[in-house]
Amino acid sequence: MNLSDPEFAKAWLIPLFPLVGFLINGFFGTLLPKKVSGAIGTLAVFASFGVGCALFSQLAGDSAPHINTLAPWFVVPGFNGSAPLVVNFELLVDHLSLLMILIITGIGGLIHLYSTGYMAKDPGYSRFFTYLNLFIFFMLLLVMGNNMVLMFVGWEGVGLCSYLLIGFWYERDSASAAALKAMVVNRIGDVGVLIGMFMAFWYFKTLDFHGPNGTGLLDLAANNGVAALIAATPAIGAAVTLTTLAIFWGCTGKSAQLPLYTWLPDAMEGPTPVSALIHAATMVTAGVYLVSRMHSLFELSSLTMTVIMVIGIATALFAASIGMVQNDIKRVLAYSTCSQLGYMFAACGAGAFTAGMFHVTTHAFFKACLFLGSGAVIHAMEHAMHERHKASHHDDAVVADGAADPNDPQDIRNMGGLRSKLPITHMTMLVSTFAIAGIFPFSGFFSKDEILFRDAQTSYLVWGVGLITAGMTAFYMMRMMYKTFYGTPKTEDAKHTHEASPAMTSPLVILGTLATFGGFLAWPQIKGLPQFTNLFEHFEASAAEPTYPNLLPIHNSPDALTLLAISLAVAILGVAIAYFGYKGKDGRDLLIAPADKPNASFYQVVLHKWYVDELYYYMFTVPGRWISTVLYKVFDLKVIDGVVMGAGWLATQVGAIFRTWQTGYVRNYAFTILIGAVIVVVAVLFGFKNIF
Amino acid sequence: MGNVAVHTPLEFYLILSAILFTIGTVGVLTKRNPIIMFMSVELMLNAVNLSLVAFSRYLNDIGGQLMVIFVMAVAAAEVAVGLGIIVTIYRNRDSINIDRMDTMSG
């Protein structure tokens, strides 16, 4: 254990650059020209990426966690003779945090670059980069914090930035409502993290992940400290389960899992680069990161691990089913993000933290690429619609229920045939679609296959659900691609689209390349395949491989090559059904939405997202309002107002008694004075003691 | 020794002072004309003044007589203010009956 390793002192520069960028753009952004403002924001993130790369080469095979203590923060004195709780500003550099740093700053930098083009005409340009830089700062704090408190500062900070950026176009009612929803739902989850922190402090007397001489929480968990405690007091086992479940509850909020996923699809109200950065590549993976970071503790509770796996795979299936019928290009991607995050948790629950983190990585590549591509499509459609509106005065179209609004640039029913207009966008999105579908040799194939294999080892049921979800994923992604890029243009606007500027296409090309070849970082170690080193696993082994492999519920020993072939076949089948199905119908919906039965009840149920929002409305919002009304009408109007009015009433009544003494006659007053004087004189003459 | 009889004893002064004070008090409590009440108050003040002077002489302490000078000065100022108020009340109400001055009644 290297504490405050001077060699890694430069780690503090990583969050510093985005913070400086935030301060400059925040205070002087409106005074600066747009180009300077955007350049500061982008370069700040790339500077951090540079430092991250330097740390990467320096860390190399060094598997020990390196702690960089910046400053003391606070000390809570111990009670009953226990040691004081010391919380410092400490940054943690190990393979896990470094991986996240590289994803956040690398992908984040590309998205900043893209934003300089995407937001070029927006009046809130510098505000946008202010928020983005602040987000990067908090996200880095989240992954680099060496204690749960600092991690939580980042955790809340990214939630704040998410709120600010979803509601970036705050003059839209739907955007501010979505921002509020994200804030509230995340708050519900964050309570879990807080409770987990309290319990960790209560039972283990520390909030540090790693500490001197193995005193950190994770050191205790990894070095049998917690295991020994459990052996001594079985109640600690329950405490570990509750702590980890509470923390996982927070993760379901931040990472949009059942039952707290509802905010993520609505979060698409934000500008598209935000969706790519926060709601696909980085922030929503914070939950997966936290579980992987604390895996030594999580592994000690088999119940928590099972819950994580079940919630993960259930979310994967559930979100995929909704994604199959959405018509908003960004909503399809949002539900697919929920679904893919479900895969990551399913991996964590099976103890395959490395596989989960690898899916975080590849997902960051292909989902960022897909979102940025969808942004390019929306940008092009918006531009075409704008040109049309300039040519002729337009009124808001009257749209039949369930039909496409012809002025909605995000509705894939207005698109079609964009392939020839946006060739670069099409190509990069296509490879990313193959990646997310899990087709060899694209990156998602490697990560998803590893997850499915590890789940199959635990339970064939989970594997089966994962496999079905993989097929559905392949289907709905190809459906989205077909309706957007193939067939004939469905509107005049779709015919008049143009490819975006190089600032927007170059990040697409880089991300598309990563999405294509990123998978080779983790070549599967399976007999019968050509052997290459699994670089990713090699790199992450120290940080994310299970501490207690013997505690994992491994029941099956399936043949890896067979599973690999099955999942590949399912993925290809899904893509093929979508492509040829939609080709035959020229983009009209098939399977779940037959053209002759658009109101089929099951289709309607799925289209309305299984009515979960409505369910939550009636389960929580309506009772909440009812309780508020009761409190208002009974407690506030009767009790509170009663006390306040009662105080005044009492004063009036007491006054009514004493006011009769005030006769207004001078002689009465004079007489009172005389009596008083007599009493004083008598008292003085005879002494107080004798009278009273 | 022949000089002793010419001194009036202190008690005489004090009894006179008490009588004057009582007359003043009764006057204040019973009269409805504020002018007469004023005079009664002055009587009470001067009763106290008398006892102060008597004690001053008896104790051979000039302080009591000094204080009387002050009391008289303050009483003169007070009379000026009080009479001013009475004149104003009369102008406003055409009456100075003290029992009708009961606007402060609760």
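With the Cα gyration tensor of the stretch A:459-517 giving a ≥ b ≥ c as the square roots of its eigenvalues, does the rule (a/c under 1.5 for rounded; else a/b larger than b/c for prolate; else oblate) give rounded, prolate or oblate?
oblate
Within the stretch A:190-273, the proportion of Cα pairs with more than 21 Å between them is 42 percent.
Extending 7 Å from the Cα toward the beta-carbon at both B:Val71 and B:Asp102 defines two label points whose distance is 3.4 nm. Per-residue Karplus couplings for the stretch A:245-257, computed as 6.51 cos²θ - 1.76 cosθ + 1.60 with θ equal to phi - 60°, are listed in order as 5, 4, 5, 5, 4, x, 5, 5, x, 5, 9, 6, 9 Hz, Gly and Pro entered as x.
Database remark: amide H of A:Phe89 closer than 5 angstrom to the amide H of A:Leu70, A:Ala71, A:Trp73 (H placed geometrically; neighbours at sequence offset of 5 or more, or on other chains; Pro and chain starts carry no H).
Send over the Kirkwood Rh of the stretch A:160-210, from the inverse of the averaged 1/r over different Cα pairs, rounded to one decimal Å. Before the final figure, lay out each step's value.
Details: mean 1/r = 0.0788 Å⁻¹.
Evaluated on the stretch A:160-210, it is 12.7 Å.
Amide H to amide H, with H built 1.01 Å from N, A:Lys490 comes under 5 Å of A:Met415, A:Gly416, counting only residues 5 or more places away or on other chains.
Pop out the Kirkwood hydrodynamic radius of chain A from its pairwise C-alpha distances, inverse of mean 1/r, in Å to one decimal. Show your work: numbers first, answer last.
On the way: mean 1/r = 0.0363 Å⁻¹.
The answer is 27.5 Å.
Against chain A, whose longest principal axis is taken from its Cα atoms, helix A:535-544 shows a tilt of about 20°.
The residues neighbouring A:Tyr669, those whose beta-carbon lies less than 15 Å from its own, together hold a net charge of +2 under the Lys/Arg +1, Asp/Glu -1 convention.
Shape descriptor for chain B: Rg over Rh equals 1.14 (Cα atoms; Rh from the Kirkwood inverse mean 1/r).
Between A:Ala231 and A:Ile627, residue separation times 0.36 nm minus the direct Cα-Cα distance comes to 138.0 nm. Here the spin labels are modelled as points 7 Å beyond Cα on the Cα-Cβ line, and at A:Phe440 and A:Ala677 they lie 11.9 nm apart.
Residues whose amide H comes within less than 5 Å of that of A:Gly145, counting only those at least five positions distant or on another chain, are A:Leu92 (H built at 1.01 Å from N in the peptide plane). Classify the stretch A:1-119 as rounded, prolate or oblate from the Cα gyration tensor: take a ≥ b ≥ c as the square roots of its eigenvalues, call it rounded if a/c is under 1.5, otherwise prolate when a/b beats b/c and oblate if not. Oblate, because a/c is 1.5 or more while a/b does not exceed b/c.
Each stretch of four or more DSSP H residues adds -39500 (n - 2.57); spread over every residue of the protein assembly as shown, this sum gives -22000 deg cm²/dmol at 222 nm.
Computed over neighbours whose Cβ is under 12 Å from that of A:Phe152, the net charge equals -1, Lys and Arg +1, Asp and Glu -1. Based on the reciprocal of the average 1/r between different C-alpha atoms, the Kirkwood radius for the stretch B:44-106 equals 14.2 Å.
By how many nm would the segment from A:His555 to A:Ile468 grow when fully extended, if each residue of separation counts as 0.36 nm and the alpha-carbon distance is taken off?
Working: separation 87, 0.36 × 87 = 31.32 nm, distance 2.11 nm.
Once the chain is fully extended between A:His555 and A:Ile468, it gains 29.2 nm.
Give the aspartates and glutamates whose C-alpha is closer than 20 Å to that of A:Lys633, dropping any in the same chain fewer than 8 places away, or say none. Cα-Cα hits under 20 Å: A:Asp641. Averaged over the residues of A:657-667, the number of partner chain Cβ atoms lying within 10 Å of the residue Cβ comes to 4. Shape class for the stretch A:80-164: oblate, because the ratio a/c of the largest to smallest gyration tensor axis (alpha-carbon atoms, square roots of eigenvalues) is 1.5 or more and b/c is at least a/b.
Scalar couplings 3J(HN,Hα) for the stretch A:602-619, obtained by applying the Karplus form with A = 6.51, B = -1.76, C = 1.60 to θ = phi - 60°, are 5, 4, 5, 4, 5, 4, 8, 6, 6, 6, 5, 4, 5, 4, 4, 4, 6, 7 Hz; x denotes Gly and Pro. Lysines within cross-link reach of A:Lys527: Cα-Cα under 27 Å, excluding same-chain residues under 8 positions apart? Correct list for A:Lys527: A:Lys448.
Of A:Lys367/A:Lys495; A:Lys181/A:Lys490; A:Lys367/A:Lys609, which sit over 28 Å apart, Cα to Cα?
From the list (A:Lys367/A:Lys495; A:Lys181/A:Lys490; A:Lys367/A:Lys609), the Cα-Cα distance tops 28 Å for A:Lys181/A:Lys490.
Looking at the stretch A:426-572, what % of the alpha carbon pairs are farther apart than 25 Å? Percentage above 25 Å: 41. If you plug the beta carbon distance of A:Glu382 and A:Leu31 into 1/(1 + (r/R0)^6) with R0 = 41 Å, you get a FRET efficiency near 0.90. Using only the alpha-carbon atoms, how far is helix A:13-28 inclined from the longest principal axis of chain A? Give it as 0 to 90 degrees, nearest 10. Helix A:13-28 and the main axis of chain A meet at about 70 degrees. Both radii were evaluated on the Cα set of the stretch A:305-445; the Rg over Rh quotient, with Rh as the Kirkwood radius, amounts to 1.08. In sequence order, the stretch A:66-82 has phi-based couplings of 10, 9, 10, 7, 8, 6, x, 10, 8, 10, 9, x, x, 10, 6, x, 7 Hz under the Karplus curve 6.51 cos²θ - 1.76 cosθ + 1.60, θ = phi - 60°, and Gly or Pro positions carry x. Which residues does the label zone of B:Asn92 cover in the stretch B:3-46, counting backbone N under 18 Å from a point 7 Å along Cα→Cβ? Answer for this model: B:34-35. Gain on full extension, evaluated as 0.36 nm per residue between A:Trp610 and A:Trp661 minus their Cα-Cα distance, stands at 10.8 nm. With the simple spin-label model, which puts each label point 7 Å out from Cα in the Cβ direction, the A:Leu13 to A:Ser57 separation comes to 1.2 nm.
Just so you know, all these numbers are worked out from the coordinates, no wet-lab data involved. Please read all numbers here as calculations on a predicted model, not as lab measurements. Please note: Cβ atoms are built from the backbone with ideal geometry, for glycine as well, and neighbour counts cover all protein chains shown.
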